[in-house]
């Protein structure tokens, strides 16, 4: 099954990594959700992508500068649209309780080291299936995940082309999926990964043109900000 991952939720239509964006993703019939995790000053795991709060909230500084209760006072929606005023940061455990039992595939990206065990504990508490990938650009974080859990699926986000070196490193930690940038991937790159037993998910699908160009490659899925448009492409391809 091809996975239509709503990137930080349906982030073209609602403020990214918020409950509104995740709920909208389901309304748009995405069958996957991608999200990002960081840790607060008091050790809570929350969903947020950027290194600083400045762009996507009315706060400044880093997630780690604040306790969870302090972060809950900030507005994570108005930057996108006034109708999302007072949208709150999402505690990963709240997301897990609401979504991880659903028939969806999840790409859970670690944005920092030291949250691996807490992330796995929450996943294990609420997940009812194994369609869950722990992902990161940082190989070390994935090594850490594997030390805590020998079976969970691992996907490595890479900025380079798929090659024998990154394939070898991923296989060393029993990885499942390699994730290159959509703009630069080739059919031969994907074949190399597949020949080594790895699936491929694409990121950086910034527009519909890229989406349409890579859709027919031998990939397992892609992350998009506009899951409704990918759903339409998938449906039309099936009907065709």
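Within the stretch 39-97, the residues that satisfy the criterion of being within 21 Å of the chain's Cα centre (by Cα) and assigned to a helix (DSSP H, G or I) are 63, 64, 92, 93, 94, 95, 96, 97. Is it true that residue 205 is touching a helix residue (DSSP H, G or I) at 6+ places or on another chain (Cβ under 7 Å), within 23 Å of residue 22 (Cβ to Cβ) and at pLDDT 95 or above? The answer is yes for residue 205.
Per the listing 47, 3, the residue uniquely buried (at least 22 other Cβ atoms within 10 Å of the Cβ) and without any contact (Cβ under 8 Å) to a residue 60 or more places away in the chain is 47. Take the conditions surrounded by fewer than 17 Cβ atoms within 10 Å (Cβ to Cβ) and either at positive phi or assigned to a helix (DSSP H, G or I) (or both) and apply them to residue 183. Does it pass? When the stated conditions are applied, residue 183 passes them. Yes or no: the stretch 163-174 includes at least one residue that is under 28 Å from residue 10 (Cβ atoms), assigned to a loop (DSSP other than H, G, I, E, B) and in contact (Cβ under 8 Å) with a residue 12 or more places away in the chain. Checking the stretch 163-174: not a single residue is under 28 Å from residue 10 (Cβ atoms), assigned to a loop (DSSP other than H, G, I, E, B) and in contact (Cβ under 8 Å) with a residue 12 or more places away in the chain. The number of residues in the stretch 187-205 being surrounded by fewer than 13 Cβ atoms within 10 Å (Cβ to Cβ) and either in contact (Cβ under 8 Å) with a residue 60 or more places away in the chain or over 30 Å from residue 148 (Cβ atoms) (or both) comes to 2. Set side by side, the residues 125, 151, 102, 147 differ, and just one is over 18 Å from the mean Cα position of the chain (by Cα), outside any helix (DSSP H, G or I) and at pLDDT 95 or above, which is 151.
The values are calculated or read from the model by the stated rules, or taken from the named source; none is laboratory data. What you see is a predicted model, and the numbers here were worked out from it, not measured in a lab. In this analysis, Cβ positions are derived from the backbone assuming ideal geometry, glycine residues included, and neighbour counts consider all displayed protein chains.
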